[in-house]
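To keep things clear, I will list the structure first and then write my remarks on it.
The values are calculated or read from the model by the stated rules, or taken from the named source; none is laboratory data. It should be emphasised that the depicted structure is a prediction, and the values quoted were computed from it without experimental measurement. Here the Cβ positions follow ideal geometry from the backbone for every residue, glycine too, while neighbour counts run over all protein chains shown. Surface accessibility is based on the protein's heavy atoms, side chains included, excluding ligands, DNA and RNA. Shrake-Rupley method; radii C 1.70, N 1.55, O 1.52, S 1.80 Å.
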Amino acid sequence: MIASNGEGPYRQAHVDPLAGLRTASDPPWDVYLTGTVFLDIIFTGLDSAPVRGTESWARGMGSSPGGVANMATALARLGLKTSLAAAFGDDHYGEYCWDALEQGEGIDLAPSRTVPGWHSPVTVSMAYEGERTMVSHGHEPPPEEPAPDCPPRARAAVASLTPGVRAPWIAQAASRGTRIFADVGWDDTGRWDLAGLADLAHCEAFLPNAEEAMRYTRADCPRAAAHALAEHVPLAVVTLGAEGAYAVDGRSGESAEVPAIAVEALDPTGAGDVFVAGFVMGTLADWPLSDRLAFAGLTAALSVQEFGGSLSAPGWSEIAAWWRRVQSVDDQDPAALRRYAFLEGLLPEVTRPWPLRRAVPTIGFGRSA
């Protein structure tokens, strides 16, 4: 495994991972997605979980757009042209999230809308001992779906499948040539029936975790589950937690497995979104399957070393800094370094200061009246 050591100065590098593939006839967007945006408030520096009947003081705090914004931010920071359809409240929280995504991250919000009288959903997350506890609040969602009837043309779209529920935009997007990458949440019905994931038929890739994959396939190990899923979707990717990830390409029969990078995890919030974003980027760039898995795992490992969801999504400056750092560690495993050697030709010279604009800890701090 690769180990990291030391800090060192960062500068932000601009990378267009699809530069060599772009043509005049390309869709306007690399990735489209839709969902609910939360305002995330993250308390850090807690020594332990809050104790009932007591007051706990956190040594740090951050705020940022959360929910589907975690995925959108991760994609945008990897250089993909990202378009998001979501509903935003017309309160200060909604204004803050809109500005942070559009101005701070360069995400296209043309398909999004502000809903008069609707309050933004909020999640408070407390991070301690590498774990997290969350409390959320939200009103009934707006009566209209934020996704338009015809999603904008895009190379790819990221969807979260819901058992027993079809999302019409997925079939519409797939029919126009958009490649659909999907994950899934916990099946509260307990059925774990693949037939209930009707939109899986429109997907190019399905990326569940090991527990989800085994429950849906009735397999006794994650790798067997991946092979079973590859009979239903062209590309099955199963995340294995601390063991890494395993993927099967059902079209070619190719399989790949990449171990996880050993890191000290501070906060796992959004790590799954970052993994999917890294895999989508590598797929659109036509990388080999093993490189896609390695890159997705790397971006997820970088994210859990920072607090917050979208706050912790890495950009190319963090990836470049990590690559420089691990190469300087004494007695580094040569085989582990070779696993990530494909990064060497991708990272350009640094062109502007790091970090990029990030969400500020206090909403409205420093704004003129």
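Below, the figures for the structure above:
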item: Spacing of the two label points (7 Å from each Cα toward its C-beta) at residue 162 and residue 249, in nm; result: 3.4 nm
item: Most mobile of 106, 66, 53 in a GNM of the chain (Cα contacts under 10 Å); result: 53
item: Cα-based convex hull volume of segment 164-238 per residue, rounded to whole Å³; result: 76 Å³
item: Computed P(r) (all Cα pairs; segment 90-224; 10 Å bins; percent); result: 10, 28, 36, 23, 3
item: Cβ-Cβ FRET estimate between residue 90 and residue 324, R0 fixed at 56 Å, reported to 0.05; result: 0.80
item: Percent accessible area from carbon and sulfur atoms, the chain, protein chains only, probe 1.4 Å; result: 52 percent
item: Extension reserve of the residue 59-residue 22 stretch, reckoned as 0.36 nm per residue once the Cα distance is removed; result: 8.7 nm
item: Beta bridges by DSSP in the chain, antiparallel share as percent, to the nearest 5; result: 50 percent
item: Rg/Rg_globular for the chain, with Rg_globular taken as 2.2 N^0.38 Å and Rg from C-alpha atoms; result: 0.97
item: Within the chain, longest stretch clear of exposed GluC sites (Glu not before Pro) (DSSP loop, no more than 15 other Cβ within 10 Å); result: 145-230
item: Structure-based [θ]222 nm, the chain - -39500 (n - 2.57) summed over DSSP H runs of at least 4, per residue, nearest 500; result: -7000 deg cm²/dmol
item: For segment 186-281: Kirkwood Rh in Å [reciprocal of mean 1/r, alpha carbons]; result: 13.9 Å
item: Neighbourhood charge, 12 Å Cβ-Cβ cut-off, centred on residue 217 and excluding it, Lys, Arg +1 and Asp, Glu -1; result: -2
item: Percent of Cα-Cα distances greater than 22 Å, calculated over segment 3-143; result: 52 percent
item: Proportion of all alpha-carbon pairs of segment 244-331 beyond 22 Å (%); result: 26 percent
